[in-house]
Amino acid sequence: MSDSGRRKPPLVADRRNGTSSGKGKSAGSKRTGNGGGGRSGPPKSTRGKAKPTKGAARRSGTPRKRRGPIGLLAALVAWIVRLIWGVTWRLTLVTVLIIGLSVAYVANSMPPLEDQLDGRARGSVTMLDNEGKTFAWRGDQFGGVVTADTVSPYLKHAIIATEDKRFYRHFGVSPRGIASAVSINLSEGRGPLSGHGGSTITQQTAKLLCLGDPYDPAVWPSEAAYEADCRASTIWRKIREAVYAMGLEAKYSKDEVLTIYMNRAFLGAGSRGFEAASQRYFGKSAANVTPAEAAMLAGLLVAPTRYAPTANLARSQNRASVIVRLMRDQGYLTEAEARNALANPAQLSEAAEAESGGYFADWVMASGPEFLTRKTTEDVVIRTTLDQRIQRAAEAGLAEIFATKVKEGSEAQAAVVVMSADGAVRGMVGGRRTKVSGAFNRATQALRQTGSAFKPFVYATALELGYHWDDTVQDEPLTINIPGSGPWSPENYDRRYRGTVTLAQALQHSLNIPAVKVADSVGLDLVRKIAGDFGIESDLAQGPALALGASESTLVEMTGAFAGILNGGSSVTPYGLVELKLQGQSEALMQAEGGIGERVIREAAAQELIWMMHNVVTSGTGGRAALPGRDVAGKTGTTSAARDAWFIGFSADYVAGVWMGYDDNTPLTGVTGGGLPAEIWHEVMVRVHDGLPVNPLPMARPERRVPEPDVAQTNPAPRAAPQPRSQPQRQDPIERLIRNLFGIRN
């Protein structure tokens, strides 16, 4: 037959019969040597027969087992497992594809490495003193780009040991680290995402980059709100952060990711990046830090404000010791290097440790244009007038008096300003706490009544109009009827009267009634004009109380006005900014706008006034301010109820002003301008002049001796009111002033 050569499968019955003998294989399965080619097959007698049905097979063979409840349950479980597995691997595949596409998209959208290194929304301001040395920093400091290859190896290893010891072995996210952090958080009773984050350096870098969303002032109310959102720890944010971290790893190499991190990290005291922090704290490049310094810098990452060495050096050193041990345990430091780092912890640079001139730096920031200081987007360098030696003298002198002469626990405040005769401020202390930034500055912001410290401008007006130091005035009871206010009866501080006194004696003993009479004689309008021209720009009182310092002014303003007297009678604008440049540029964008201005009174009048003020220190109310072996001049000031006490004076080299009082206007107890303020002035100026040559005051010494008043006489015989030699009161005072200024004689 034509199909006799085709092989057919054996029937079920045949297989069953072939194995029923129990001999293993049927005889039909054995190879034979016939002409069939060695193929085995069913006997020819069975070919062509129909295959038995399943029912017949069951009847003729072994019966099939029935499924019971356990079998059904097992089948159900198996089906569920197969279903879950089928869904799971499909979802996993989809998730992996989505993550992969997301990572690829994120990586592809990232900018070049150079654009990721400095993401500050605002720039920095670096301030230099009069010798070109850095003394203060403001804004967000960025010391320059560093890379994982250019920083000190100690610093690189300290960062890895502290933040992510498996940094070079993960793909941007560490599941083991996250699981460990979640476990710790839960065991400590916090939420899974609260506390320990388990973030890798790459994830922290993603957070520093705010997942690629730049700061937009039009969207965010403030930079602080933007940064708070970047640090949010929601589930969705963590997922995005993980994807972005993997994108970073796909886009950049490990060292490039570390480079971004080292340039972006905030490290306290306004420092952005490790180069800025190294310069800020140690005065050196991040390429040159020691193991101890590297450990201190790396220790800032966990809490930069808390561990900043300028805030608490001991705390920062303790944190650094933990990092040193980590570096040793992970093989980054030898035992000898670790012992040396622990025995010699990092120290602040001289400038960082001093942290001097904070009030001065704030004042300079406020005096410059906002777009180049408080809100600059550029890196700016400002050269200033500050003399750090004088600044330290001011701080030390103030501290000395409060430590030795002021009751412990007192909340009284004080301020000090030291400047040159041209208005260049050399030192400034705005309160008892000197290591501050952004604090209330009592030297520049506090408007306080000046008291008798204003009287030199009354006598300056008189001298300019032709009066002289030995013209006389009657010190006697006085009542003035002030329209709208009624009678006003000023009194001397000691409520005593000295009869006829010279102008020099009236200033020397700070007598109130002579000052009121002289001001009325020369004209209150002219007194206001002279004081204003000297730089006292605050609103000046309109009534006769003007002569007694009823007006308010700031310490820096008053000190600048006294500088005008020292320089020979020309106005002065106090200034601290000498030159402002963009970092890296040689051309200045702006230069000093202060200094000496228009002449206010004649030089001869100024020299005579200086001599009168010299008497205040040698034999008047300012005796405690005297400097051994050096001529000085000044004026005390105490307001009603002793709410403010002043001493402002000068040597031939420097002008200094001191104010003392309470912020809430509580009266001082037992303090006058000739007391603690004069003593503070003395302590400051002794230190300021240490090592300087003695120079004479530019004053006109009278030929004849000034007679001392009889201080015991309470009711001397009445004498004539002051009459200037040339009778200047008969001439219009403003016309007289103009004639004197231009040298016009009658």
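Just wondering, is there one or more residues in the stretch 271-282 that are in a helix (DSSP H, G or I), out of contact with any His (no Cβ under 8 Å at 6 or more places or on another chain) and surrounded by fewer than 17 Cβ atoms within 10 Å (Cβ to Cβ)? Show your work before the answer.
Applying the first criterion (in a helix (DSSP H, G or I)) to the stretch 271-282 yields 274-282.
Still in the list and also out of contact with any His (no Cβ under 8 Å at 6 or more places or on another chain): 274-282.
From what's left, surrounded by fewer than 17 Cβ atoms within 10 Å (Cβ to Cβ): none.
No, there is no match, as no residue in the stretch 271-282 is in a helix (DSSP H, G or I), out of contact with any His (no Cβ under 8 Å at 6 or more places or on another chain) and surrounded by fewer than 17 Cβ atoms within 10 Å (Cβ to Cβ).
The one condition from (1) among the small types (G, A, S); (2) crowded, with 18+ Cβ neighbours inside 10 Å; (3) within 15 Å of F142 (Cβ to Cβ) that A308 does not meet is (3).
Kindly establish whether D539 is among the acidic types (D, E) and in contact with a strand residue (DSSP E or B) (Cβ under 7 Å, 6 or more places away or on another chain). Walk me through how you get there before you give the answer.
Numbers: among the acidic types (D, E): yes; in contact with a strand residue (DSSP E or B) (Cβ under 7 Å, 6 or more places away or on another chain): no.
No.
Which of the residues that make up the stretch 231-252 are more than 15 Å from A107 (Cβ to Cβ), assigned to a helix (DSSP H, G or I) and either in contact with a Phe, Trp or Tyr (Cβ under 6 Å, 6 or more places away or on another chain) or open to solvent by 70 Å² or more (accessible area, probe 1.4 Å) (or both)? The answer is I235, W236, I239. Enumerate the pairs (first residue in the stretch 232-246 and within 11 Å of Q203 (Cα to Cα); second residue anywhere and open to solvent by 30 Å² or more (accessible area, probe 1.4 Å)) with beta-carbon separation below 7 Å, excluding pairs fewer than 6 apart on the same chain, so at least 6 apart or on different chains. From the stretch 232-246, the pairs are K238/L193; E241/K207; V243/I99; V243/S102; Y244/G212; M246/F171. Of all residues in the stretch 400-411, those satisfying the criterion of being in contact with an Asp or Glu (Cβ under 9 Å, 6 or more places away or on another chain) and either open to solvent by 10 Å² or more (accessible area, probe 1.4 Å) or assigned to a loop (DSSP other than H, G, I, E, B) (or both) are E400, K405, E411.
Kindly indicate the residue of the stretch 333-363 that is assigned to a loop (DSSP other than H, G, I, E, B) and either in contact with a Gly (Cβ under 6 Å, 6 or more places away or on another chain) or open to solvent by 20 Å² or more (accessible area, probe 1.4 Å) (or both) and also modelled with the lowest pLDDT among those meeting that condition. Working first, answer last.
Of all residues in the stretch 333-363, those assigned to a loop (DSSP other than H, G, I, E, B) come to 333-334, 344-349, 355-357.
With either in contact with a Gly (Cβ under 6 Å, 6 or more places away or on another chain) or open to solvent by 20 Å² or more (accessible area, probe 1.4 Å) (or both) added as a condition, the list becomes 334, 344-345, 347-349, 355.
Working: T334: 96, N344: 96, P345: 96, Q347: 95, L348: 92, S349: 88, E355: 73.
Looking at residues that are assigned to a loop (DSSP other than H, G, I, E, B) and either in contact with a Gly (Cβ under 6 Å, 6 or more places away or on another chain) or open to solvent by 20 Å² or more (accessible area, probe 1.4 Å) (or both), I get E355.
All of (1) out of contact with any strand residue (DSSP E or B) (no Cβ under 8 Å at 6 or more places or on another chain); (2) open to solvent by less than 60 Å² (accessible area, probe 1.4 Å); (3) modelled with pLDDT under 90 hold for A136 with one exception: (1). Here the strands (runs of 3 or more DSSP E) wholly within the stretch 584-690 that include at least 3 residues being more than 26 Å from V501 (Cβ to Cβ) and open to solvent by 40 Å² or more (accessible area, probe 1.4 Å) are 595-599. Taken over the stretch 573-583, the criterion of being in a strand (DSSP E or B) and open to solvent by less than 10 Å² (accessible area, probe 1.4 Å) is satisfied by L580 alone.
Just a yes or no: is a residue in the stretch 364-385 within 30 Å of T672 (Cβ to Cβ), part of a loop (DSSP other than H, G, I, E, B) and in contact (Cβ under 8 Å) with a residue 60 or more places away in the chain? Within the stretch 364-385 (the criterion being within 30 Å of T672 (Cβ to Cβ), part of a loop (DSSP other than H, G, I, E, B) and in contact (Cβ under 8 Å) with a residue 60 or more places away in the chain), the answer is no, since none of the residues qualifies.
The values are calculated or read from the model by the stated rules, or taken from the named source; none is laboratory data. Only a predicted model underlies this, so the values are computations on that prediction, with no experimental measurement involved. Note that we place each Cβ from the backbone using ideal geometry, even for glycine, and neighbour counts take in every protein chain shown. The accessibility values were calculated without ligands, DNA or RNA, using every heavy atom of the protein model including side chains. Shrake-Rupley method; radii C 1.70, N 1.55, O 1.52, S 1.80 Å.
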